[in-house]
Every structure is written in structure tokens, then in C-alpha cells.
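A short write-up of the structure that comes next.
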Amino acid sequence: DEPGDPDLLAGLGRSLVNLGDVERNLGDRSAAEQRFEQARNLLSGAADEDVAVGKEFVRATTRAAEISAYHLDIDRAVTAYERAVEVVTALRNVDPDDYTLLADYARSVIGWLSAFTRKGDPSVVLESGAVDGQLDQFLRRLEEDVGPGLLRHDPDNHKWRFEVARLQNELGVCYRYLGSLDEPEKAIALHESSIEILEGLLAVDAFSERWQ
């Protein structure tokens, strides 16, 4: 029987995802995918309502999507990332003060965009216009909500600053993979902003391996 307590659900889901991570690192794709799917099935019922459960569901879902994207199963990756975005969006309505959800949201959207721009057919992406519009929409979210929200929540938190820099860099890569040569300033500005944040972090802690 599935435990009804949300904390127990979240704990079990976390353990399943951690096991999947180990199996993935060992090169056992099938076993890892089964673990992540097991976690998703376990957590899906309460994922939109309980923050702890939802976060573990998003972890399992994005892990599964990463494997699918890596092996060029783009449709499956996109579907998984879309579900992760839906859950994080719902959870932000449940607990709007949990700023870690901003980072979860950003990672899920970046993953969704990357699944198209890095692994998909650029010509199909460009012809559809859908991803380019999503990029612009998320760029506004990053500038107006996600980045300022994370930094405003704890301006001295180096982890948040690194997270924003990473997201800016990833978004810039998405623009470059889309071949947006008609508007190169978008990618350039994002990369420059990312570099500025990372240089500031290096000035504070030059020995951190995370942002060297």
C-alpha cells in the first residue's frame, strides 16, 4: 500500500530517485528509467498539492526527461518536461513564498527548451516558431521574476547567484542553437550577465569548483 502521509511519500520518492541516480551513473539506463518512473507513479497523485511531494516528483520527472533527451527520444523528453513545468507552476500557487520553486521552475523550462534546441531538428524548431516564442517568454520571466526573486530572497546566497548565472548561460545557449543570428544581442547579453555574476562569485571565493 502507498503511504498516505506526504512526508513519507516524499521520502520514499526521494529514495527511489537517488537509487535511479546511482543506476544511471553505473550505465544501467533501463534500471534508472524504471526507478524514476516508479517514483513518478508513486508521487503523481499528490504532486500538484503538496510541495515536498511535488518537488520529488519534479526531480524524478526531469531525471527521466534528461535520459530521454540524451538518447534523442525528444517527444518523450518534451512531454516529461511539460509535466514538470505544470507541477511547479501549481506548487507556486500552493506556496508562493518558497523561492526554491523558482529554481525548479527555471530548470524545468530550460530542460524543455534544450530538448528542442539541442537535440531536435533546428529547421523544424525554427519553422514552428513555438520555441522561439517560449524562449522570449521565459527570458522575460527570468529577468522579471525568477532571477530577481531568487536574489531578492537572499542576496548574499552564493548558491542563488550561481543558479541565476547558470540559467542565463543555458538560455543563451538555447538562443544560439536556435540560430537566432538576426538577434545575437540576446545571447550575448545573457552570456555577459552570466560572466559578470560568476566573476563576482570568484572574487568572493576563488577556490570554489562550482563556478571556476
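Quick note: the coordinates plus some simple rules give every number you see, no bench work behind them. Just so you know, these numbers come straight off a predicted model, no measurement behind them. When we count neighbours, we look across all protein chains shown, and the Cβ atoms used for this are built from the backbone with ideal geometry, even at glycine.
Among 15-22, 160-167, sorting by the average number of other beta carbon atoms lying within 10 angstrom of each residue, highest first, gives 160-167, 15-22. The 3J(HN,Hα) values that the Karplus relation (6.51, -1.76, 1.60; θ = phi - 60°) gives for the range 91-108 are, in residue order, 5, 5, 6, 6, 9, x, 8, 7, 6, 5, 5, 4, 5, 4, 4, 4, 4, 5 Hz. Gly and Pro appear as x.
In this calculation the C-beta distance from residue 189 to residue 156 is compared with R0 = 30 Å, giving a FRET efficiency of 0.75. Placing a pseudo-label 7 Å from each Cα along the Cα-to-Cβ vector at residue 144 and residue 98 gives an inter-label distance of 2.5 nm. Taking amide hydrogens as placed 1.01 Å from N in the peptide plane, the amide H of residue 99 sits under 5 Å from that of no residue at least 5 positions away in sequence or on another chain. With a simple spin-label model that places each label point 7 Å from the Cα along the Cα-to-Cβ direction, the separation between residue 28 and residue 199 comes to 4.7 nm. Summarising the label geometry, the points placed 7 Å from Cα in the beta-carbon direction at residue 70 and residue 5 lie 3.4 nm from one another.
Cα centroid separation, the range 63-114 to the range 13-50: 15 Å.
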